[in-house]
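These notes are about the structure you will find just below.
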Amino acid sequence: MPSPAKNARASLEALRERPHAKVLIIGGGINGVGTFRDLALQGVDVALVERGDYCQGASGASSHMIHGGIRYLENGEFRLVQESVVERNRLLRIAPHYVKPLQTTIPIFSTFSGVLSAPVRFLTHKQGKPKERGAFLIKLGLSLYDSFSRDGGTVPRHQFRGRKRALAELPRLHPGIKYAATYFDASVHNPERLTLDVLQDGEKAGQSRGVSGQTGARASNYVSLQSMVPGTAGAAAGSSPSGSTVRLRDELTGDVFDFTADVIVNTTGAWVDLTNQAMGAASTFMGGTKGSHIVLDHPELLDACQGREIFFEHTDGRIVLIYPMGDRVLVGTTDVDADMGEDAVCTDGEIDYFLELIGHVFPDIPVKPEDIVYTFSGVRPLPRHDATQPGFVSRDYRIERQESVTGAVVLSLVGGKWTTFRALAEHLTDKVLAELGTERTVSTASLAIGGGAGFPADQAGIQKWIKAHVSETRDAARTEVLLTRYGTRAGDVIRYLDGGPDRMLSSTRELSVRELEYMAGHEQIGHLVDVLIRRTSLAFRGLVTGELLNEVCEVLAGPLGWDAEKRWAEIRHAREVLERFHRVQIHSLVA
């Protein structure tokens, strides 16, 4: 059965009841959550707080790619590419429920374009005007990429096709292409749920390695760091003989409370400097860039992709991608300097840019703004880059050590990308262990993540699993939804569903009453919108309606204790978030 109830308030109370940990992690994106899991596995008393929902920031606004970063070769970032390729291959093995192989094709319009400018960028890492790469450079890059992929890799080597063969495989491509190169990377269709799996692994490890019978790993979303409490170095406000005190705020109620820790880990991404400032450890590490994406309901474009990602450089040198995500098409991404004083949203100009670039690759497929069902934007946690153009800023990461005004050790993560989160967490954990004077006892290199444990190896195995879990009240389609959503953790969910009367929602065939109750009790639901964006893909696919908002909210109200006023406030909040940040218009709301 699942772990004890872990709704947002129960998790918060676990922090308040024992307001001390050896390590406090600030930030619940994939890198913070990965470090939480790794430390918990080492038996460290660790706590994590996230000011919003898990994977709400840049981690949830990614291009959904697990990739080696072929274009980083031009920046000379060979270490990062090698690590990324190794981690890509590893995630295909340890998280097969969410990370899937992705065939990728690059349409190429010239032979030698970029040959003169690329060496300049390679040597300076910041000079040279962006320019579309030709076949010569792409062939060289893919050959290097293959060499990094051989150690433990399972993906085929790249292939080059001339115009005739390329158009035979993908006939809707621009007829003016000269070549097409095809290779394999991977995608993660459920980054939010993968983050939640990593978190729950950490919580489970903390329960089995508890401190004096208490839970040794605790995490709560909707808790923010407000400040460092002055005069607390070497004292723990009665909670612990050591550590420094930070003031935390419950974002759902406004209540504040103090918490002590010996080491503080700052994994707040693009907000690292602002978080350090609040702790009296001012820094100027960050220089994030904004990336936006659109999601299209466009069967013709979906069919034209033939299940592949189309990955290419636009005429301005920007890397862009078009690829199928289930029955939708994801298009991204932009890369512009971010203003941290403004919300990251997809602008009209960015949408125009995306529509224009689709025409560059598929000129006979009309795509209109009305085809967009969802947009999203995030700020990449890149290092400060001064004159370096955003597209050439290093995607590698580093760890900075500081001391706060109270003398507390603060380790700040600068940079980082989705693909390398496990290796990054390993490095950050080792730094923390060194501060604590202890050593690693458990490796995560081969440890399956959440519902990836025992996940069927092929389609035949998936169908066998589905057949074994079908019942009189649950058909194969519903069972497949659960397996896709939870991986093999779906077995636990199904046992919960079968533990009492259940019914499907009338507004969607993808959720039932008891599944929502399960989420409320085990997945830290703080707001209605958490279910729509991060516990399911309903918002991403443009399937949210006024009826759905009302029905989901009504079901959640019971386990989360929402009265009529709170229910209406949650519906308004969900509508505002979807409209403001994702361009989703919701109608037919009722009080």
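The values are calculated or read from the model by the stated rules, or taken from the named source; none is laboratory data. Bear in mind that the values here come from a model prediction, so they are computed numbers and not experimental data. Please note: Cβ atoms are built from the backbone with ideal geometry, for glycine as well, and neighbour counts cover all protein chains shown. The protein model used for the area step is the full one, side chains on, heavy atoms only, and it has no ligands, DNA or RNA in it. Shrake-Rupley method; radii C 1.70, N 1.55, O 1.52, S 1.80 Å.
Scanning the range 323-376 for residues that are out of contact with any Asp or Glu (no Cβ under 8 Å at 6 or more places or on another chain), of a type outside the set (Val, Ile, Thr), open to solvent by less than 40 Å² (accessible area, probe 1.4 Å) and touching a residue at least 40 places away in the same chain (Cβ under 8 Å) yields a count of 14. Checking each residue in the range 460-477 for being in contact (Cβ under 8 Å) with a residue 12 or more places away in the chain, of a type outside the set (S, T, N, Q) and open to solvent by 20 Å² or more (accessible area, probe 1.4 Å) picks out 462, 465, 469, 477. Among the residues examined, residue 247 qualifies as modelled with pLDDT of 90 or more, on the phi < 0 side of the Ramachandran plot, open to solvent by 10 Å² or more (accessible area, probe 1.4 Å) and assigned to a strand (DSSP E or B). For the range 63-84, taking the residues that are at negative phi and modelled with pLDDT of 90 or more, the one that is surrounded by the fewest Cβ atoms within 10 Å (Cβ to Cβ) is identified as 63.
Considering only the range 525-566, state which residues are without any contact (Cβ under 8 Å) to a residue 12 or more places away in the chain and either under 13 Å from residue 511 (Cα atoms) or in a helix (DSSP H, G or I) (or both).
The initial filter retains those residues of the range 525-566 that are without any contact (Cβ under 8 Å) to a residue 12 or more places away in the chain, namely 557, 561-566.
557, 564, 565, 566, listed by residue number.
Every test in (1) of a type in the set (Val, Ile, Thr); (2) at pLDDT 70 or above; (3) not in a helix (DSSP H, G or I) is passed by residue 154 save one, and that test is (2). Hey, can you tell me all the residues within the range 407-444 that are of a type in the set (Val, Ile, Thr), touching a strand residue (DSSP E or B) at 6+ places or on another chain (Cβ under 8 Å) and open to solvent by less than 10 Å² (accessible area, probe 1.4 Å)? Those that are of a type in the set (Val, Ile, Thr), touching a strand residue (DSSP E or B) at 6+ places or on another chain (Cβ under 8 Å) and open to solvent by less than 10 Å² (accessible area, probe 1.4 Å): 410, 414, 419, 420, 432.
Taking the residues in the range 287-304 that are touching a strand residue (DSSP E or B) at 6+ places or on another chain (Cβ under 7 Å) and either surrounded by fewer than 19 Cβ atoms within 10 Å (Cβ to Cβ) or aliphatic (A, V, I, L, M) (or both) as candidates, determine which candidate is farthest from residue 183 (Cα to Cα).
So the residue we want is 297.
Which ones in the range 218-244 are at pLDDT 95 or above, hydrophobic (A, V, I, L, M, F, W, C) and open to solvent by less than 10 Å² (accessible area, probe 1.4 Å)? Within the range 218-244, 219, 223 meet the criteria. Here the range 250-280 is the region considered, the condition is being within 21 Å of residue 424 (Cβ to Cβ), in contact with a strand residue (DSSP E or B) (Cβ under 6 Å, 6 or more places away or on another chain) and not polar (S, T, N, Q), and the residue that is most open to solvent (accessible area, probe 1.4 Å) is 273.
On the given criteria, is residue 457 without any contact (Cβ under 8 Å) to a residue 60 or more places away in the chain and surrounded by fewer than 19 Cβ atoms within 10 Å (Cβ to Cβ)? Lay out the reasoning, then the answer.
Working: without any contact (Cβ under 8 Å) to a residue 60 or more places away in the chain: no; surrounded by fewer than 19 Cβ atoms within 10 Å (Cβ to Cβ): yes.
Spelling it out, it is not the case that residue 457 is without any contact (Cβ under 8 Å) to a residue 60 or more places away in the chain and surrounded by fewer than 19 Cβ atoms within 10 Å (Cβ to Cβ).
Taking the criterion of being over 17 Å from residue 326 (Cα atoms) and touching a Phe, Trp or Tyr at 6+ places or on another chain (Cβ under 6 Å), the only residue of the range 474-491 that qualifies is 488.
Look at residue 81 and say whether it is under 29 Å from residue 489 (Cα atoms) and not charged (D, E, K, R). Before the answer, list the steps.
Numbers: under 29 Å from residue 489 (Cα atoms): no; not charged (D, E, K, R): yes.
For residue 81, the condition - under 29 Å from residue 489 (Cα atoms) and not charged (D, E, K, R) - is not met.
Looking across the range 400-417 at every residue that is at pLDDT below 95 and touching a helix residue (DSSP H, G or I) at 6+ places or on another chain (Cβ under 6 Å), the one that is farthest from residue 382 (Cα to Cα) is identified as 409.
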